[in-house]
Each structure stands twice: as structure tokens, then as C-alpha cells.
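The values are calculated or read from the model by the stated rules, or taken from the named source; none is laboratory data. Remember, predicted model here, so these are calculated numbers, not experimental data. No Cβ is skipped: glycine too gets one built from the backbone with ideal geometry, and neighbour counts run over all protein chains shown.
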Amino acid sequence: MNDAGSGGPHPSRRRFLKGAAGLAALSATVGAAPFARAAAQARRTPQQRPRVLFLTHPGVGTGHASLPAAERMAIEYGTTGGFDVTVHEGYLTLGNHDFGFLTMEYLNSFDALMLMTNGDLPWSDEQRQGIVEFVRGGKGFIGVHCASLTMYEYPEFGEMLGGYYVRFITPARDLARGRVHSLKVEDGTHPSTRMLGDSWPISEELYNYAWVPWNEEDPTHNVSDPGGFRPPIGFNRERVNVLLSLDTERTNLQGLYRVHKGGDYPQAWYREYGEGRSFYTSLGHREETWTQNDVFRAHLTGGIRWALGLED
């Protein structure tokens, strides 16, 4: 786990390693305890900077090459954004990362959870329920890029996040060439979009989402590519507040997958969930987006600050 981009261990890393044995011992007892009982614990005082736990996971395929940069830059974003970010280097073990440390006591020492995870996660039912209850009980959630390509087997997660990935829009060859899409800014009043005008040109991998649940009567339709996952719910604009969508009037649509002029392709949104807040952006696939794009930095920092309740 790292809390800074330097080569040496951050003090918080040393604190975590020192407490690792205790967390392991707690995990056996916490799993059996009601998550709601722990939800009121670990509230920060006004003098403390809010804390964000950022978890990554390579998952299906070859993972995302941007994950190391994402963890490193998220920590940097926090230094200027007014929050502290803790990471666990989930990108190091392709598909086999151990999430045993994720107990409710540990999770509730944070004010928000950020995910950039890909595919099915090796989480227990208690951990999945705990994440949803964490947000429902008043904490924040931030989903980045492939966070919508995860936990298809737990529909409550999709409700909280807003929907599930079904296919990427941008062909890999075009992404490698730096193809630029135009994003329509549907709401410029949110902290994640206030820095934008009415349009945002960006070279990124955009997503298409399932608009209806997977149906066993048509088993090959509406499954994720890659992964073959079956979305249990469909995306609905009435569930979320859309911030960004693909601008089909200003974007060259030639060669894009399953995209037509006038279609609806949301790419970022937010919602209230119980007493908590959930923010999602499809952006973040490219390493350069994290390391070189100041507009993305402002966009994601604004989303995190909103999820934390630092801005409205």
C-alpha cells in the first residue's frame, strides 16, 4: 500500500504493515457482524483531511496499463485537492489480488472508496454488501473507467454506480493513434465539469452501457465484450444525473462501434445513494490522461471532492 509517489515507504504504509496482523485477525470476526453496525464508526473530525481508499484490479484481458499511473497520480491529485489517497498496488498481480484486508473496520476508516477495477473481483458477499452499505450509510463512492465492468453478479452495486459496461466505443487502433472524440457537457454546474465549456475534446476510450438487463431468452445479446459478463440491470437516466455524453454532432463517428448520430452515449454522471454520494467517469483508460491532461485532473478531482461532500 502506498500513500505517496516517492520510492521509500510512506508513514501510512508503515502504519498499515504494522497493523496487518491485527486486520487479518479482525477479518474472521467482522465478516459475521452486521455491516450496518460498523457504518457509524470512524467519522473524521473537522481538522482531519478526508481519506479516500483507491482500489485497482487488472481483471479480464491484459488489464489496463494506466493502473500504476492512476494510483500514483491519484495520490498527487489529493495533495492539491484537499484529501489523502491510500492505494494497495492492485495492478501488480494480474487477476489474483488478495482483498483480504478489506474489512468493514478498515473501510470505515475512510470517507470515500474509489474503484478502477476490471472484471469479477475475489470479494466475499460480505465485502460486496459492505461496499454498498458504506455508501448508503453516508460515505462517498468514485468509479473510474473500468469500475463499470465489475460486480455484474451484485445488482445493488450497479444501482449504486449507475449502470454496467457492455462494450467500448473506440477501436484500439484508433485509440493508439490518438483519435479525438468530443464530449457534450450536459451539466456545467457540477464540481467535475465547472472547468469545461459546452464541449470537451479528448482522446480516450469511451464506453457503451447496457440499456436493458441481460435476457436468458437471447443469451448472446447484451453481454460484455470483453469478459462475457451479463448486466443484471440497464442504464437509466432517471437513476442518475448525466454530466458528459458523446457529442455525435461534433464527433466523426466513422469506425466507432455501435454508434449512430443522435444516439445516447453517457460517459460521466453522479447520483445520491441513500445518505451517500456516487460519482462515475468513463475516462482514465490512457496513461497520458492521468499524467498529462490537466483538464482530466480537474474533472476527477472535482468528482472526488463532490463525493466527499467538500463541494456541491
Does T301 satisfy the criteria of being touching a residue at least 24 places away in the same chain (Cβ under 8 Å), closer than 20 Å to Y209 by Cβ and of a type in the set (S, T, N, Q)? no
Taking L115 as meeting all but one of (1) part of a loop (DSSP other than H, G, I, E, B); (2) within 20 Å of E71 (Cβ to Cβ), write down the number of the exception. (1)
Filter region 173-190 for residues that are more than 22 Å from E249 (Cα to Cα) and surrounded by fewer than 17 Cβ atoms within 10 Å (Cβ to Cβ); the one that is modelled with the highest pLDDT is T189
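When the residues of region 125-153 are filtered to those that are out of contact with any Lys or Arg (no Cβ under 8 Å at 6 or more places or on another chain) and of a type in the set (S, T, Y), which remaining residue is modelled with the highest pLDDT?
S148
Among Y152, Y164, which is buried (at least 23 other Cβ atoms within 10 Å of the Cβ), closer than 21 Å to D247 by Cα and within 19 Å of the chain's Cα centre (by Cα)? Even if it seems obvious, please write down each step before you answer.
Numbers: Y152 fails: closer than 21 Å to D247 by Cα.
Among Y152, Y164, only Y164 is buried (at least 23 other Cβ atoms within 10 Å of the Cβ), closer than 21 Å to D247 by Cα and within 19 Å of the chain's Cα centre (by Cα).
May I ask you to verify whether G255 is in contact with a helix residue (DSSP H, G or I) (Cβ under 7 Å, 6 or more places away or on another chain), exposed (fewer than 14 other Cβ atoms within 10 Å of the Cβ) and at positive phi? Write out each step before concluding.
Numbers: in contact with a helix residue (DSSP H, G or I) (Cβ under 7 Å, 6 or more places away or on another chain): yes; exposed (fewer than 14 other Cβ atoms within 10 Å of the Cβ): yes; at positive phi: yes.
Against the criterion (in contact with a helix residue (DSSP H, G or I) (Cβ under 7 Å, 6 or more places away or on another chain), exposed (fewer than 14 other Cβ atoms within 10 Å of the Cβ) and at positive phi), G255 qualifies.
Does region 167-210 hold any residues that are more than 22 Å from D225 (Cβ to Cβ) and under 18 Å from the mean Cα position of the chain (by Cα), and which are they?
H190, P191, S192, T193
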Search region 196-229 for residues being outside any loop (DSSP other than H, G, I, E, B) and modelled with pLDDT of 95 or more, and hand back the single one that is surrounded by the most Cβ atoms within 10 Å (Cβ to Cβ). Y207
Contacts under 8 angstrom Cβ, first residue in region 213-228 being closer than 15 Å to Y152 by Cα and in contact (Cβ under 8 Å) with a residue 12 or more places away in the chain, partner assigned to a loop (DSSP other than H, G, I, E, B) and of a type in the set (S, T, Y), 6 or more apart: S224/Y152; S224/Y164
Subset of region 155-178 that is part of a loop (DSSP other than H, G, I, E, B) and without any contact (Cβ under 8 Å) to a residue 40 or more places away in the chain - its residue that is nearest to F235 (Cα to Cα): G178
Across region 138-195, what is the number of residues that are polar (S, T, N, Q) and under 19 Å from R305 (Cβ atoms)? 3
Considering only residues that are within 14 Å of L115 (Cα to Cα) and not aliphatic (A, V, I, L, M), which ones fall in region 140-161? G140, F141, G143, H145, C146, S148, T150, F157, G158
Quick count over region 125-148, residues being in contact with a helix residue (DSSP H, G or I) (Cβ under 9 Å, 6 or more places away or on another chain), assigned to a loop (DSSP other than H, G, I, E, B) and surrounded by fewer than 19 Cβ atoms within 10 Å (Cβ to Cβ), is 1
